[in-house]
Amino acid sequence: MNLPAAAPAAAHRARVLRALGLTPWQRRQAATDDAVSPTVEAPQPAVGHADCVVLLPAVCDARALDLLGRALTSAGAALARAARVRVQPGEAELAVPQARAYLACGEAQAHALGRSLPMQVTAQAQIVLADEPARLLGDAAAKRRLWIALRTLRRSLATAGS
């Protein structure tokens, strides 16, 4: 009996995802060809308390945002549902909800977060810095740093939830 050609690729993908500490998700039912995929709206920041907040630059390429959104989705439900806050250049204070973890996509976003959060929240939260989404498209090292950041956030959210 011959195995399909995709079997070695699927096994390799499973090994890589397991090494990264990610759990692959599968649809419960197969999508049909005539089904239209709905557009996914980015979650709006909540006023109260959130598990994770992602800080993004105000101006981002759609491809870079799509790549970042797919990475967040593959890292688990807590990161897929993370609130996203756009940071305007030179903005003094942000309306950032309190959260257990923050992912700052770029140094400017990390500085804006540091200026906006109270010291007590900053001390208790897990804050992880990743490269700006525009760098993810062409830089393999930036993608690697993003995967490491997502793995760190996922682990910290899992231990805090236990």
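Coordinate-derived values only; no laboratory data. All of these numbers come straight from a predicted model, not from anything done at the bench. Here Cβ is always computed from backbone atoms with ideal geometry, including for glycine, and neighbour counts include all displayed protein chains.
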Item to check | Positive-pole candidate from Gly106, Leu150, Thr122, dipole of segment 44-161, charges at beta carbon | outcome: Leu150
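Beyond 17 Å, what percent of the Cα pairs of segment 44-161 remain? Provide the component values of the computation, followed by the final result.
Working: 3486 of 6903 pairs.
I get 50 percent for the Cα pairs in segment 44-161 exceeding 17 Å.
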Checklist entry - If each residue's Cβ is checked for other Cβ atoms within 10 Å, how do Leu153, Leu56, Leu67 rank with the fewest at the top? => result Leu67, Leu56, Leu153
Item to check | Cβ-placed point charges (K, R +1; D, E -1), dipole of segment 44-161 about Cα centre in debye, nearest 20 | outcome: 440 debye
